[in-house]
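The values are calculated or read from the model by the stated rules, or taken from the named source; none is laboratory data. Because the structure is predicted, anything quoted here is derived from the model rather than measured. Ideal geometry is used to build each Cβ from the backbone, glycine not excepted, and the neighbour counts take in all protein chains shown. When the accessible area is computed, the model is the full protein with side chains, heavy atoms only, and any ligands, DNA or RNA have been set aside. Shrake-Rupley method; radii C 1.70, N 1.55, O 1.52, S 1.80 Å.
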Amino acid sequence: MKNHQTVVVLDFGGQYNQLIARRIRDLGVYSELLPYSTSIDKIKEINPIGIVLTGGPNSVFDSNALSLDKEIINLNIPIFGICYGAQLLAYLTGGKVITANKKEYGRIAINYSESPIFDNIHKQNVCWMSHTDQVVELSEGFKIIGFTNNCKIAAYSNDAKNFYGVQFHPEVVHTNDGIKMLENFLYKVCKANGDWKMKDFVEQQISSLKEKIKDKRVLCAMSGGVDSAVAATLLYKAIGDNLTCVFVDHGLLRKDEDKLVMETFKEKMGMNLIKIDAKDRFLEKLKGVVEPEKKRKIIGEEFIRTFEDFSKQFGAVDYLVQGTIYPDVVESGFGKAALIKSHHNVGGLPSVINFKEIIEPLRSLFKDEVRKVGFELGLSKEVVMRQPFPGPGLGVRIIGEVTEDKLKILKEADFILRDEIQKANLNNDIWQYFAALTNLRSVGVMGDMRTYDYAIALRAVTSMDAMTADFARIPYEVLAKISNRIVNEVNGVNRVLYDITSKPPATIEFE
Ligand code: XMP
């Protein structure tokens, strides 16, 4: 396989660390997130063109502070320290770090000086800070290149050694020009040649999956959504017929979804795809359950149990593949981030699973990256650009208890929404659009008769990566048509609402 220039990101435990590696790859340079304790031999073997030291929760002077093999800073490789990484780099090179009296948190005004990393960047700017410690002294050869009101050394450099440190977080969107700084570090300091493309990710994944799996048998949980479709296709390219894809129809799928999945992947692509009809067992387990997290856990667990049952008949399976992507990992409370919802693919997994190992080839990718991978794999636009669909399916779009009747109502209403959005040619502008069945029933009048039926909520959002979202500005005429069709065509609905909340404070799904 082709050798790429690599930037190593040494992980000191900050919450944006994966994001740093991802941003660097986006900028065309292969990047790997490695533990802070990575040995100097390993670093030498990788031979990176640059090293990034990430943020983290420690103080450099704590007795148990995370540090790196000090020899790494003598390797003559450019280093970019971010937040804790900047403090550590200053500290290890003889500077001084203290716990500041005034903490800085959030958006802060900052002044930059001329420096390769601030090239083409407004010198009076805004950055995003989150720290209590700060660098107060630098050793010889270092200079200050950025300051704020409360932090005299908000950025520093040692140009001779190509060392740079910033107290703020360039990788988050709230730091203006932050991405440009990373780009400057890569191209102006490390002299990167930009040889990393999604195509390379695909090749690398396929070859490492091949190497790892060899001729072992692999089972892939296919939901038909973009993530699992891309994960399955990656595996299929790597190991062909040693991959069996199993599509669990849990009955919580959109209208005609099951047909579409079988057609696309089995008939057209030729994948080894088996459908399990598990509607009844899921509905049985969900009977009487109203609490969202409980529903999620039950669906997640039942999903795995269905697989277990299947694999008992199927014979020994070594690996189970899942299409987990990065936002699922973060929002499921992995690492330090707080639990928002336990996403189906991660938090819902019971601790005991009868498989040797779970493979999650897309775990480090955001949705837009997954789509790029999908195109690289030759999947059609129809498959790749499908809107995201949550693992627990309509189970989290029916507020309160899930019943067969409610599912029927929701599927029809959702179908109408999708149909009208597509007819209005809005599908490419909207990240996700779906109907949810509220638990609210209200009084209406139809044909001079009183009704007491459900309210359907329409949800349509624009987003880049599902981490934040805004409600889509769907033209009134389109909304009117959708509303009119739903109340006329779907029995049991007499009211249609449009959700105009962003994320945060709401989430995209209702539960
Ligand atoms: P929320 O509702 O958390 O959703 O704003 C963010 C994105 O994730 C999708 N989602 C899920 N995807 N398993 C998944 O694979 C899940 O359990 C799950 N829950 C939400 C959601 O549709 C949106 O795109």
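Of note:
- In Å, descending, principal axis extents of the Cα set of the range 112-197: 39, 31, 21
- Dipole of the range 6-189, positive end: most advanced residue of C127, I49, S157 [Cβ charges, Cα centre]: C127
- At a probe radius of 1.4 angstrom, the accessible area of the chain per residue rounds to 44 square angstrom.
- Along the axis of the charge dipole computed for the chain (Cβ charges of +1 for Lys and Arg, -1 for Asp and Glu, origin at the Cα centre), the listed residues F185, L252, I325 are led at the positive end by F185.
- When only Cα pairs below 8 angstrom with a gap of at least 6 residues are kept, the chain shows a relative contact order of 10 percent.
- Taken over the range 198-384, the ratio of Cα radius of gyration to 2.2 N^0.38 Å equals 1.00.
- Largest accessible area first, the listed residues K212, K268 line up as K268, K212 when surface is computed with a 1.4 Å probe on the assembled protein chains.
- Both radii were evaluated on the Cα set of the range 211-272; the Rg over Rh quotient, with Rh as the Kirkwood radius, amounts to 0.99.
- Compared with the dominant principal axis of the Cα atoms in the chain, helix 367-376 is inclined by about 80°.
- By accessible area with a 1.4 Å probe, ligands and nucleic acids excluded, highest first: order of K180, K44, K152: K152, K44, K180
- Calculated on alpha-carbon atoms, Rg and Dmax of the range 179-219 in Å: 16.3, 46
- Taking a straight line from the alpha carbon of K123, these aspartates and glutamates sit under 15 Å away, with near neighbours fewer than eight places off in the same chain left out: E114, D177.
- Given charges at beta-carbon only (K, R positive; D, E negative), |dipole| of the range 6-189 in Debye: 340 debye
- The Kirkwood hydrodynamic radius of the chain, based on inverse pair distances between different Cα atoms, is 25.1 Å.
- Distant-in-sequence amide H partners of T132 (H built 1.01 Å from N, under 5 Å): none
- Taking the C-alpha atoms only, the angle from helix 476-489 to the longest principal axis of the chain is near 40 degrees.
- For the cross-link pairs K96/K503; K214/K259; K152/K188, the ones whose C-alpha atoms lie over 30 Å apart are K96/K503; K214/K259.
- With the simple model of a label 7 Å out from the Cα in the direction of the Cβ, N491 to E211 spans 6.0 nm.
- Quotient of Cα Rg and 2.2 N^0.38 Å for the range 1-153, N being how many residues it contains: 1.04
- Filter on K356/K381; K285/K411; K42/K180; K255/K285 - keep pairs with C-alpha separation over 24 Å: K356/K381; K42/K180
- Dipole magnitude (debye, nearest 20) for the range 43-110, charges at Cβ of Lys, Arg, Asp, Glu: 300 debye
- Solvent-accessible area of D280 with every protein chain in place, 1.4 Å probe, in Å² to the nearest 10: 130 Å²
- The range 385-511, dipole about Cα centre (Lys/Arg Cβ +1, Asp/Glu Cβ -1), debye to the nearest 20: 80 debye
- In degrees, nearest ten, helix 226-239 long axis to first principal axis of the chain (Cα): 70 degrees
- When the chymotrypsin sites (Phe, Trp or Tyr not before Pro) in the range 61-97 are filtered for DSSP coil states and for at most 16 other beta-carbon atoms within 10 Å of their beta-carbon, the remaining sites are F61.
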